[in-house]
Amino acid sequence: MVIRGGTAAEIADSVRALVDRGELIPGQSLPSVRALAEQLGVNRNTAVAAYRSLARTGVVVSQGRGGTRIARRAPLAQEGFAAAGTLRDLGTGNPDPRLIPDLAPGLAAAAGRPVLYGEPVIDPDLEHWARDWMAPDVPGDPAALHITLTSGAVDAVERLLSQALIRDDAVALEDPCFLASIQIARLGGYRAVPVPVDAEGMTVEGLRAALEQGVRAVVSTPRAQNPTGASLSARRAAALREVLADHPYVLVIQDDYFSFLSRRPFHSIIGPGNRRWALLRSVSKFVGPDMCLAVTATDPDTAGRLALRLSPGTTWVSHLLQRLTHAVMTDPEALALIERAGAHYAARNHAFADRLTAQGLPVEAGDGMSLWVPVPAPAREIAEQLRRRGWLVRTGDGFRLAPGAEPSRHLRMTVHDLDEEAAERLAADLVEAAGASAG
């Protein structure tokens with residue numbers, strides 16, 4: 001095993017190649033910074049930069065005095081999946097299937113004539129509906145609005161970042177952060193810069209600090225931030241727009257995934273001076289997770305770049321999905337059910353938060369599919385106590401971005417589908433577990 005190179009990039013590429021060929025294996029130690037610099041005849045800072053680049057992309061892990069080792073490829077946490085076994089899984093973030101519209105009536109309308117190569121990628125009826133949906137919330141002339149379809153919100157974010165960033169570029173992400181965004185940053189080799197989130201959403205000082213670090217893109221959730229449930233207030237959105245006004249060429253992505261279900265108003269951080277922006281909305285939370293379709297509204301330049309990212313592979317989203325989505329979203333009965341679903345999720349989350357608060361564990365319900373529960377001790381300890389009582393929950397640790405952060409003291413719990421008996425038992429178990437861990 002011989003590492004080569006004279007620059008940080010060359011050294012990092014050499015290590016990656018050795019890993020790819022199996023000459024470096026997970027857990028294997030690498031030379032110290034000093035030893036590597038001496039071996040290659042480079043400045044110590046060059047070796048440091050190479051190791052930092054490899055660490056950011058997950059190739060190596062630094063263990064302080066224990067040195068630097070090739071990373072073990074542990075599976076990344078996935079939204080909606082956990083090995084629950086016999087436990088009651090409260091970490092899914094799934095909608096209630098009873099509140100997803102029946103797709104059967106729309107299937108007949110979707111099964112029209114075959115769509116062939118070279119035809120418009122967006123079905124005309126869906127495009128008209130999508131423009132009406134997006135136009136009120138983006139800057140510029142609605143008639144000049146650019147609409148792109150992708151296979152869901154995560155697909156949209158991945159493609160938007162890949163057309164704007166290259167490996168080692170910095171992207172501002174909310175902290176705590178949606179699991180898929182963490183995965184996109186890691187797999188793309190981007191440097192994730194954490195921006196703290198409070199009850200009003202992404203913080204102003206956090207965004208300002210990220211921009212000072214040279215981020216080239218910002219990903220923000222305006223409503224029902226996952227996992228915290230925070231939504232941007234009008235005041236916070238205005239302050240964030242003011243900060244972003246000094247950085248017009250930073251790509252600003254707003255992922256309004258909860259749109260139709262949200263109980264909060266939409267407030268944009270995209271101002272009239274922003275030159276690169278995208279607002280995306282998925283239908284998966286209210287039409288069903290299997291309906292992999294998201295609408296993205298962008299500025300003209302980003303639209304062109306995004307189209308190029310789609311052209312080599314999935315040039316378009318299935319017109320069957322497009323027509324089915326349009327049929328559902330123009331059906332009064334389906335829209336009424338979606339409205340009831342949004343009210344149901346909010347009511348169940350608030351009821352469970354009130355139940356915990358009444359038992360001495362104060363919780364404020366945000367917006368979204370799940371509840372973000374502060375606990376008085378490290379969340380992993382309480383999660384283990386709950387596991388012994390038959391519950392599987394997600395701790396806040398998996399959603400954290402900041403390196404070296406203190407153990408999380410939050411649990412994310414999906415409770416809207418619990419009946420009264422189960423909710424009462426969970427609340428009692430959680431309060432008891434919190435008391436035992438805190439004591």
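The values are calculated or read from the model by the stated rules, or taken from the named source; none is laboratory data. Since this is a predicted model, take the numbers as computed values, not measurements. Positions of Cβ are backbone-derived with ideal geometry, glycine not excepted, and every protein chain shown enters the neighbour counts. To get the accessible areas, we keep the full protein, side chains included, count just its heavy atoms, and leave off ligands, DNA and RNA. Shrake-Rupley method; radii C 1.70, N 1.55, O 1.52, S 1.80 Å.
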Ordering Tyr51, Tyr249 by how much accessible area each has at a 1.4 Å probe, largest first, what is the list? Tyr249, Tyr51
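Restricting to bridges with both residues inside the chain, how much of the DSSP beta-bridge set is antiparallel, in percent to the nearest 5? Before the final figure, lay out each step's value.
Values: 22 of 40 bridges.
Close to 55 percent.
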If r is the Cβ-Cβ distance from Ser29 to Asp132 and R0 is 35 Å, what FRET efficiency results, to the nearest 0.05? 0.05
Scan the chain and note any complete DSSP helix (H) whose C-alpha atoms cover at least 24 Å along its axis and whose Kyte-Doolittle average is -1.0 or more. 332-358, 420-438
Summed over the other residues with a beta carbon less than 13 angstrom from that of Gly214, with K and R at +1 and D and E at -1, the charge totals 0
Residue with peak Gaussian network fluctuation, the chain [Cα springs, cutoff 10 Å], from Gly41, Gly396, Gly273: Gly41
When a/c reaches 1.5 or more, the comparison of a/b and b/c decides; with that in mind, is the chain rounded, prolate or oblate per its Cα gyration tensor? oblate
Rounded to whole Å², per residue accessible area for region 131-228 with a 1.4 Å probe reads 35 Å²
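Protein chains only, probe 1.4 Å: how do Glu424, Glu200, Glu205, Glu212 rank by accessible area, largest first?
Glu212, Glu205, Glu424, Glu200
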Compare Leu308, Leu426 by solvent-accessible area with a 1.4 Å probe and give them largest first, with all protein chains kept in place. Leu308, Leu426
Hey, with R₀ at 35 Å, roughly what FRET efficiency would Ala336 and Ser162 work out to, going by the Cβ-Cβ distance, to 0.05? 0.35
Highest GNM mean-square fluctuation among Leu335, Leu306, Leu279, for the chain with Cα springs under 10 Å, belongs to Leu335
Relative contact order, percent, the chain [alpha-carbon distance under 8 Å, six or more residues apart]: 18 percent
Distance from the Cα centre of region 367-422 to that of region 241-303, in angstrom? 28 Å
When the label point is put 7 Å from the Cα of Leu187 along its Cα-to-beta-carbon vector, which residues of region 257-300 have a backbone N closer than 17 Å? 292-294
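Could you size up the charge dipole of region 153-311 around its Cα centre, putting +1 on the beta carbon of Lys and Arg and -1 on that of Asp and Glu, and report it in debye to the nearest 20?
The dipole of region 153-311 has a size of about 240 debye.
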In Å², nearest 10: area of Ile25 left accessible to a 1.4 Å probe: 90 Å²
I'd like the trypsin sites (Lys or Arg not before Pro) in region 228-320 restricted to DSSP loop residues with at most 14 other Cβ atoms within 10 Å, sorted by number. Arg275
Within a Gaussian network of the chain (alpha carbon springs, distance under 10 Å), most fluctuating of Val171, Val59, Val33: Val33
Within the set of other residues whose C-beta is less than 10 Å from the C-beta of Ser262, count the net charge using Lys and Arg as +1 and Asp and Glu as -1. +2
On the accessible surface of the chain, probed at 1.4 Å with all protein chains in place, carbon and sulfur together account for a percent value of 53 percent
